[in-house]
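Below is one structure, written out as structure tokens, with a few remarks after it.
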Amino acid sequence: AVRKQARAATSVILLPVLSLPLVTLLVFFCMPRSSSLIEWVLANVIRPHIAVSRSDRNRGASAGGLQTGQTPGTSGNTPGTSGGGGSGNEGGEEGEAGGKGVNPMDTNTQRDKNAPKGVGRGRGQQQQYKEGVEKKPQSSDYMPPSASDQLENVVMRILAPRPAYSRRTTYDKYDGKTWERTGPLAEVTFPKNEENLIEVGNANALVIPPDCPTVEVKQQITLDQPPPDGSLPCYWTPQTIFGFDAMTVQADGVLKSNVAAPAGANYEVLSYLPIYRAKVMRSLPYKKNSEFKRSLFLPPPEEMQKAENELMAKYRQLPEQLPEEVKKTAKKVAGEGNWFARSERIVAYLRKHCKYKSQDVYRIADGDFVYNFLFRTREGNCAEFATAFVILARADGIPARLVAGYLPGKKNKSTGYIEVKVRDGHAWSEIYLPDWGWIPFDATPNGNLPEFDKDQSFFSQLADMGFANPFGSNLQRTLPKAGAGLGHGITGSDLAKKLEEEKRKKEGKPIDEDNGKFDLLKALSKLTWEPFVVLVILIGTGTVAYMFLQQRKIQTVLGIPEDARKSTLLFFQVLRDLRKYKIVRLPTDTPFDLTLRIHDGLNEYRQTGKFVHPELEPLLTHFMETYTLDRFGRGSVDRVGELESMSEQIKQLINAQK
């Protein structure tokens, strides 16, 4: 009996312990497969959610491991160099010397003396680029769609560890009614490198200030409806693109591929999303210009200052007939402080005094668009809010522009893709802040731009203290070279197949290595064995759980107390053996009552024609009498040994056959 009690207690303890490895294996096999689990955790758990600035990311890293646009040894305060932090060589001509369309902070970028005019080389990788100018930039309507039958159509699907706004294009000129994207607009084109990656982060329009905290987010994007103006939507700010032969970055940061992306096009983007620290941004000193420092590798500060002034003048444009009420409101609302703090006050004013409506917006045809929104209708969608923000900011002297793109969309749980639909078409704004470049603002009531590092994480604080190497550039960050999982969620997309064919052609191998022959080993190697392992783990876990529940059920049915004596355990053991004869003890039964119930139960069992050993009933009666004396008697005689011997005999008699 003691051994049985120990086995019962041990099973209760060991069942959860034995289940732990099975649960661990189940979790492991359910996790996404990756070449490196550590790299997967970094790319999908840590980097997309922990904001680290570029200066922190590079701290302690060797120059050999630096990524594009992470050049040490410069002032770092030059977002407006050679184009004002996003303007590029605006107004320049194709083939001009000096590499103005490339990140001026890249100290290793040099022109290739043997390359054609307008082509250069960068950072020892023969990174070539070509400058150009688009005199009449193409743009589509910035207004969100209103046709209800199209709102649920999917524009694109994104596989990413976190959702974000997808930036598409910008507008600079406001005439009192609508927006226009004007030229000439400088642009620089980058081809793919030896790894089939396009390092667009070399473009000065995509420069990220060293002190701006960012999170790294990789997106795998499928375009279901390519944008009408040919721009390429993605999270801001893109650094590396995979899936095209070349990519053009225009002066306002708009991306355009070398060929128009058709419906179903797949591409991958690695972006640095800016995650600002509110206290830092609000406490920045008021500046009207960036601080440019003299360097052997950069243009003279005077030239950079002139370029920045031209940039800010362009994005301070206001229509001549702008009502005075709008200008007075801008000055009153913005107040004092730096341009970031003033912009926040403008956002707060719009959210407090204007009502947001996504559809059926009432618009007045006559008069200024912003004036009608602020003082007459006081209702509108994202177009009204974004336009009003930009004009109020410009009226207060803050350079600003309107941005068109898409809201983050919603995740489809069945496919795992973030689906961005037509209804997610959105407009927001960007302001230019000296030393910080362009900062996004979404003035709509539910807007989430700029995104703040609300609860600065432990890892971010470590980075600020100088322990940034776990997220530093010495860890390799590259996009996968395969397109598996892209497209319509089918493993092995058209992009992956095309790249594989190109690779085989370059190596001189036939595209189809099998030549029509069936290879059993290769066919078996293609089988996915993970589902079978998961099935075995589920069955094993279910079996262990069933055994555990059965053990608990038996204890509950029999009513065994946790502090039961040895004789009581033997008594309940006999009761469990008697379940063969459908004899069950009621909670109110005494051993004497149970003896009568045993007599009746055995007689009923015999009447069915089944065998009952003739010595069983007398032995059970004797067992009950002995148990009563041991359990309730006052004598000092220990009857446990006798009870244990009888319980074993009872078990043998119950199992005996005729």
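Looking only at residues that are assigned to a loop (DSSP other than H, G, I, E, B) and among the β-branched types (Val, Ile, Thr) in the stretch 206-220, which one is modelled with the highest pLDDT? Outline the logic, then answer.
At the first step, the residues of the stretch 206-220 found to be assigned to a loop (DSSP other than H, G, I, E, B) are 207-212.
With the extra rule that they be among the β-branched types (Val, Ile, Thr), the set shrinks to 207-208.
Numbers: Val207: 83, Ile208: 87.
Out of the qualifying residues, it is Ile208.
For (1) under 39 Å from the mean Cα position of the chain (by Cα); (2) modelled with pLDDT under 95; (3) under 30 Å from Asp453 (Cα atoms); (4) of a type outside the set (D, E, K, R), each residue gets a yes or a no:
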position: Ile275; (1), (2), (3), (4): yes, yes, yes, yes
position: Lys279; (1), (2), (3), (4): yes, yes, yes, no
position: Met304; (1), (2), (3), (4): yes, yes, no, yes
position: Asn309; (1), (2), (3), (4): yes, yes, no, yes
position: Gln317; (1), (2), (3), (4): yes, no, no, yes
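Could you name every one of the helices (runs of 4 or more DSSP H) located completely within the stretch 271-361 that has at least 2 residues being open to solvent by less than 20 Å² (accessible area, probe 1.4 Å) and in contact with a strand residue (DSSP E or B) (Cβ under 6 Å, 6 or more places away or on another chain)?
On the way: elements: 278-282, 301-314, 324-334, 339-353.
It comes to 339-353.
Of all residues in the stretch 154-205 being in a loop (DSSP other than H, G, I, E, B) and aliphatic (A, V, I, L, M), which is farthest from Pro227 (Cα to Cα)? Don't jump to the end; show me each part of the working.
Of all residues in the stretch 154-205, those in a loop (DSSP other than H, G, I, E, B) come to 160-165, 172, 175-178, 181-184, 192-196, 199, 203.
Restricting the remaining residues to those that are aliphatic (A, V, I, L, M) gives 160, 164, 203.
Details: Ala160: 20, Ala164: 18, Ala203: 22 Å.
For the stretch 154-205, the residue satisfying everything is Ala203.
Please enumerate the residues belonging to the stretch 261-270 that are in a loop (DSSP other than H, G, I, E, B), surrounded by 14 or more Cβ atoms within 10 Å (Cβ to Cβ) and of a type outside the set (A, V, I, L, M, F, W, C).
Within the stretch 261-270, Gly264 is the sole residue that qualifies.
When only residues in the stretch 182-196 that are open to solvent by 10 Å² or more (accessible area, probe 1.4 Å) and touching a Lys or Arg at 6+ places or on another chain (Cβ under 9 Å) count, which is nearest to Gly405 (Cα to Cα)?
Pass one, the stretch 182-196, residues open to solvent by 10 Å² or more (accessible area, probe 1.4 Å): 182-184, 187, 189, 191-196.
The next check asks that each one be touching a Lys or Arg at 6+ places or on another chain (Cβ under 9 Å); those that pass are 182-184, 187, 189, 191, 195-196.
Values: Thr182: 18, Gly183: 20, Pro184: 22, Glu187: 20, Thr189: 22, Pro191: 25, Glu195: 29, Asn196: 27 Å.
Among them, the one singled out is Thr182.
Could you grab me the full set of residues in the stretch 210-236 that are touching a strand residue (DSSP E or B) at 6+ places or on another chain (Cβ under 7 Å), more than 22 Å from Gly416 (Cα to Cα) and open to solvent by 10 Å² or more (accessible area, probe 1.4 Å)?
Listed by number, the residues that qualify are Pro210, Asp211, Pro227, Gly230.
Condition check: crowded, with 22+ Cβ neighbours inside 10 Å, at pLDDT 95 or above and farther than 24 Å from Glu199 by Cα. Does Ala463 satisfy that?
no
So, in the stretch 406-417, of the ones that are touching a Gly at 6+ places or on another chain (Cβ under 9 Å) and at pLDDT below 95, which residue ends up most open to solvent (accessible area, probe 1.4 Å)? I'd like the intermediate steps shown before the answer.
Taking the stretch 406-417 and keeping what is touching a Gly at 6+ places or on another chain (Cβ under 9 Å), we get 406-407, 415-417.
When the remaining residues are screened for being at pLDDT below 95, the result is 415-417.
Details: Thr415: 75, Gly416: 22, Tyr417: 13 Å².
Taking the candidates together, the pick is Thr415.
Yes/no matrix, rows are residues, columns are (1) of a type outside the set (A, V, I, L, M, F, W, C); (2) modelled with pLDDT under 75; (3) on the phi < 0 side of the Ramachandran plot; (4) exposed (fewer than 14 other Cβ atoms within 10 Å of the Cβ):
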site	(1), (2), (3), (4)
Leu521	no, yes, yes, yes
Leu527	no, yes, yes, yes
Leu549	no, yes, yes, yes
Thr556	yes, yes, yes, yes
Leu569	no, no, yes, no
Lys582	yes, no, no, yes
Leu594	no, no, yes, no
Asn603	yes, no, yes, yes
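When both residues are 6+ apart or on different chains and their Cβ atoms are under 6 Å apart, which pairs have a first residue that lies in the stretch 421-433 and is touching a residue at least 40 places away in the same chain (Cβ under 8 Å) and over 15 Å from Thr169 (Cβ atoms), and a second that is open to solvent by 10 Å² or more (accessible area, probe 1.4 Å) and of a type in the set (Gly, Ala, Ser)?
Listed pairs, sorted by first residue: Asp424/Gly409.
The values are calculated or read from the model by the stated rules, or taken from the named source; none is laboratory data. Please read these numbers as outputs of a predicted model, since none were measured by experiment. FYI the Cβ positions are ideal-geometry reconstructions off the backbone, even for glycines, and counts take in every protein chain you see. Just so you know, the surface numbers come from the protein's heavy atoms only, side chains and all, with ligands and any DNA or RNA stripped out. Shrake-Rupley method; radii C 1.70, N 1.55, O 1.52, S 1.80 Å.
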